[in-house]
Amino acid sequence: MAANDNVTSYTLKPAFAAKVGDHIKLAVEAENGTNFKIVATAEQFDALKGDLQSILAEGDAKAEATE
């Protein structure tokens, strides 16, 4: 994603996912009440999941290194 000064950040409440046909729908509500519905392929969510797992594992490794 390209850098953009016009990006709005939202603090999210719980999200829900469901498989619909060959896509996955992710429904998310932000703290301010804004609702999002994201539709993506399983492959797109797998890539996102991999990115998130790497980020979390990196954070865990840094926390263990400082103990």
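The values are calculated or read from the model by the stated rules, or taken from the named source; none is laboratory data. Only a predicted model underlies this, so the values are computations on that prediction, with no experimental measurement involved. As a convention, Cβ positions derive from the backbone with ideal geometry for all residues, glycine included, and neighbour counts pool all protein chains shown. Surface areas here come from the heavy atoms of the whole protein model, side chains and all, with no ligands, DNA or RNA. Shrake-Rupley method; radii C 1.70, N 1.55, O 1.52, S 1.80 Å.
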Please go through the range 19-45 and give me each residue that is within 16 Å of S9 (Cβ to Cβ) and of a type in the set (G, A, S), ordered by number.
A30, G33
Is there a residue in the range 48-57 that is open to solvent by 70 Å² or more (accessible area, probe 1.4 Å) and of a type in the set (S, T, Y)?
yes
Find the residue count for the range 34-44, including only residues that are at pLDDT 90 or above and surrounded by 10 or more Cβ atoms within 10 Å (Cβ to Cβ).
7
Looking at this structure, is A27 aliphatic (A, V, I, L, M), open to solvent by less than 90 Å² (accessible area, probe 1.4 Å) and modelled with pLDDT under 90?
no
